[in-house]
1. Could you list, in sequence order, the residues of region 1-40 that are among the acidic types (Asp, Glu), open to solvent by 100 Å² or more (accessible area, probe 1.4 Å) and not in a helix (DSSP H, G or I)?
2. With respect to LYS50, is the statement that it is surrounded by 10 or more Cβ atoms within 10 Å (Cβ to Cβ) and not in a helix (DSSP H, G or I) true?
Amino acid sequence: MEKTLTFELKPDTVDNLLAFRELLGKDVNTMLEEALQRYFEEEQQKLIEKGIEEDASMTNLDYDEFWDGLDIG
């Protein structure tokens, strides 16, 4: 199901889209989809890294201290 969004682009952005459409021979929608996909991937990676950093900050024990005295078996 498609949803409609309304947004405005700066004139320079529109000029660049039109110029790259000619240079690359790509549809403007395709370029926007590709750019947004890259943006989402980068932001998701940042969120993952932030989550890892937050998880790591939950303890100040190193690996040996954390597992010291644990008997597995």
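1. Within region 1-40, the first condition is being among the acidic types (Asp, Glu), and the residues that meet it are 2, 8, 12, 15, 22, 27, 33-34.
Still in the running and open to solvent by 100 Å² or more (accessible area, probe 1.4 Å): 2, 8, 12, 22, 33.
Passing the criteria: GLU2, GLU8.
2. Numbers: surrounded by 10 or more Cβ atoms within 10 Å (Cβ to Cβ): yes; not in a helix (DSSP H, G or I): no.
Here the answer is no, as LYS50 does not meet what is asked.
The values are calculated or read from the model by the stated rules, or taken from the named source; none is laboratory data. All of these numbers come straight from a predicted model, not from anything done at the bench. Reconstructed Cβ throughout: ideal geometry from the backbone, glycine too, with neighbour counts over all protein chains shown. What goes into the accessible areas is simple: the full protein's heavy atoms, side chains included, and nothing from ligands, DNA or RNA. Shrake-Rupley method; radii C 1.70, N 1.55, O 1.52, S 1.80 Å.
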